[in-house]
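The values are calculated or read from the model by the stated rules, or taken from the named source; none is laboratory data. Remember, predicted model here, so these are calculated numbers, not experimental data. All Cβ positions, glycine included, derive from the backbone under ideal geometry; neighbour counts span all protein chains shown. Quick note on the areas: whole protein, heavy atoms, side chains included, nothing else; ligands and nucleic acids left out. Shrake-Rupley method; radii C 1.70, N 1.55, O 1.52, S 1.80 Å.
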Amino acid sequence: MLGGHLPNPDRDLAAGPGPAPTPHCQGPEKGPVLPFSIPAKMCGEDPRAGAEPITPRPPARPRLERALSLDDRGWRTRRLPSSQEDLAALGEANSSRGPVQEAPQRPAHSPSPPGLSASLQDIPKSRRAPGSRGKSPSSWGNCPSGLAGSYLDFLHKDSTLTRSSPRLTSMLPLRPLSAVDLDMASNSLRTSDKVEAGHADYPHRVQTRLVRAHSSLGSGQPRSPLACDDGSLRSATSTVSLLAPIRTKDVRSRSYLEGSLLASGALLGADELARYFPDRSMALFVATWNMQGQKELPPSLDEFLLPTETDYAQDLYVVGVQEGCSDRREWEARLQETLGPHYVLLSSAAHGVLYLSLFIRRDLIWFCSEVESSTVTTRIVSQIKTKGALGISFTFFGTSFLFITSHFTSGDGKVPERLLDYSRTIQALALPRHVPDTNPYRSSTADVTTRFDEVFWFGDFNFRLSGGRATVEALLQQGLEVGVPALLQHDQLLREMRKGSVFKGFQEPDIHFPPSYKFDVGKDTYDSTSKQRTPSYTDRVLYKSRHKGDICPLKYASCPGIKTSDHRPVYGLFRVKVRPGRDNIPLAAGKFDRELYLLGIKRRISKELQRQRVLRDRNSSAICTVS
């Protein structure tokens, strides 16, 4: 164990320059007092041999990584004793080990290094606190960090040789400790969660804000400020969540029942709409399918609801079914299972075997009014209501929607009957009831479609292709690009719409798919029975807007992979303009079918577990082969 002398700053400042005394190597039984600068070769010499004189060296260059390591890792995680506890510890150490040996004198031109102490004021700082410019150069705040790092390295080597931990108090001179000023506080010693009110930079750090991306359903929306002032009461609780922070003043000033179009606190106002739809347009999925009353459902509805051509799911799913399966609840459960937990069943209605289901993103259920429904029967004689119409309406923000699914009279030559079904539907649908009309001055009591901003009418309209089956098959053999436009020249629905006798003001997206009726069940061939029905576009999706350009069709197609019926499902993807509204409508208050939601989640979980089990069994099975 090496021994030496510690410098005495009080005496060295007054002493003149002179030769340094020769240090002596002592055994470990004597209390070692280590110098700050020791030649490396002394550690291996014989203690009885003559020692060379020590020439004082200037302190090494500061090593910031050591200072940071001492500051952040060592002292942050340990309890820092007070100044009085340090004095008591020093007194006990010196009384037990005897007087401290005199340290060799140092030249007057070399500043004396300060003592190393475990008290808070003696810890080296990586940067000076504001207001500390008046300190002397010999203060501990200006001590080179490399000196402390070199001394700690030497202590670590010494403890390894002696198999014991070094005692710092035995090597420190006993002297009074200076009082700590307020400007001695160091930012690096503060905890990362708190800022004391008395600190000089407290007002500056309280005003610090971090900005993060807003959590919305659309792209390109404005960024919202999020407070993060080191854990103060004014900061947000979470820095990981993508939910938008809610300010206290906004909660105090909001009035959800008496909002207006321009009020910042309105639930259905412009500010709230911009948070979720910066471009004020929502994605809509509308589909129709005649299930032919089949009990067997397709093994998967992904092709129907989640087509591969689209990268993102839609905000609202509206599915109308004609001649639906006998178990309506099972059909809705399959829809919920396919869409997953991101969607909830906002409303569903039935009229005989006509089913209509509305699934919406669960983030958007708070901006919907109460959902109202109405039905119309066009075939009164039938015991089972297979022909008729079913309508559902509601208001989303300030835009009113009407969805109608219909099943008109069948038959190649029964065009007048189908026109009569249309007239009965627009006159008999009693909507809306309690939800206010968004524009009553442009509404008509004789036409339900004039009372809403956006109207979608879809179903099995049963309008056929005239000209005979041979003509239709000949055109289909020419390919879709050539055959479909030629087929539409024989379409009964388009002909009647051009006359203005049906679906006044409605539009249809461009058709680029083959006729959806009538197929052999489970096959891709059209009717091969003795009736030889003509393939036709009986399943259609039409739309109408009160404001021109509010509805933009994106895709219009059928699902050839679903073959459980003689009809192919037909769907359309749309972008619909949404306007802000007033908070005076009867809100749905987040109502949805909770039981169906839980059922869909359980089914998805069970299917995933079953899939993992099959994969595990497949990997564990062994197949023997004979070569």
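Any residue in region 398-414 that is open to solvent by 10 Å² or more (accessible area, probe 1.4 Å), among the charged types (D, E, K, R) and farther than 26 Å from ARG451 by Cβ?
The initial filter retains those residues of region 398-414 that are open to solvent by 10 Å² or more (accessible area, probe 1.4 Å), namely 398, 409-414.
Those left that are additionally among the charged types (D, E, K, R): 412, 414.
Still in the list and also farther than 26 Å from ARG451 by Cβ: 412, 414.
Yes; the residues of region 398-414 include at least one that is open to solvent by 10 Å² or more (accessible area, probe 1.4 Å), among the charged types (D, E, K, R) and farther than 26 Å from ARG451 by Cβ.
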Filter result (open to solvent by less than 40 Å² (accessible area, probe 1.4 Å) and within 13 Å of ARG575 (Cβ to Cβ)) within region 267-289: PHE277, SER281, MET282, ALA283, LEU284, PHE285, VAL286
Any hit, region 312-325, residues being in contact with a Lys or Arg (Cβ under 7 Å, 6 or more places away or on another chain) and open to solvent by 40 Å² or more (accessible area, probe 1.4 Å): no
Matching option when the condition is closer than 23 Å to LEU598 by Cβ, open to solvent by 10 Å² or more (accessible area, probe 1.4 Å), of a type outside the set (Asp, Glu) and at pLDDT below 95, among LEU346, LEU297, LEU306, LEU339: LEU297
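Looking at this structure, is ASP583 of a type in the set (Asp, Glu) and either closer than 21 Å to PHE394 by Cβ or part of a helix (DSSP H, G or I) (or both)?
Values: of a type in the set (Asp, Glu): yes; either closer than 21 Å to PHE394 by Cβ or part of a helix (DSSP H, G or I) (or both): yes.
So ASP583 passes the test.
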Residue tally, condition loosely packed, with under 15 Cβ neighbours inside 10 Å and either more than 30 Å from ASP550 (Cα to Cα) or of a type in the set (S, T, N, Q) (or both), over region 487-521: 5
Subset of region 415-436 [crowded, with 16+ Cβ neighbours inside 10 Å and within 37 Å of the chain's Cα centre (by Cα)]: PRO432, VAL435
Qualifying residue in region 355-372 (condition: within 30 Å of SER466 (Cβ to Cβ), surrounded by fewer than 21 Cβ atoms within 10 Å (Cβ to Cβ) and not aliphatic (A, V, I, L, M)): no
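For ASP566, are the conditions met, namely being at pLDDT below 95 and outside any strand (DSSP E or B)?
Working: at pLDDT below 95: no; outside any strand (DSSP E or B): yes.
Here the answer is no, as ASP566 does not meet what is asked.
Do we have TYR441 as among the hydroxyl-bearing types (Ser, Thr, Tyr) and either open to solvent by 60 Å² or more (accessible area, probe 1.4 Å) or at positive phi (or both) here?
Working: among the hydroxyl-bearing types (Ser, Thr, Tyr): yes; either open to solvent by 60 Å² or more (accessible area, probe 1.4 Å) or at positive phi (or both): yes.
For TYR441, the condition - among the hydroxyl-bearing types (Ser, Thr, Tyr) and either open to solvent by 60 Å² or more (accessible area, probe 1.4 Å) or at positive phi (or both) - is met.
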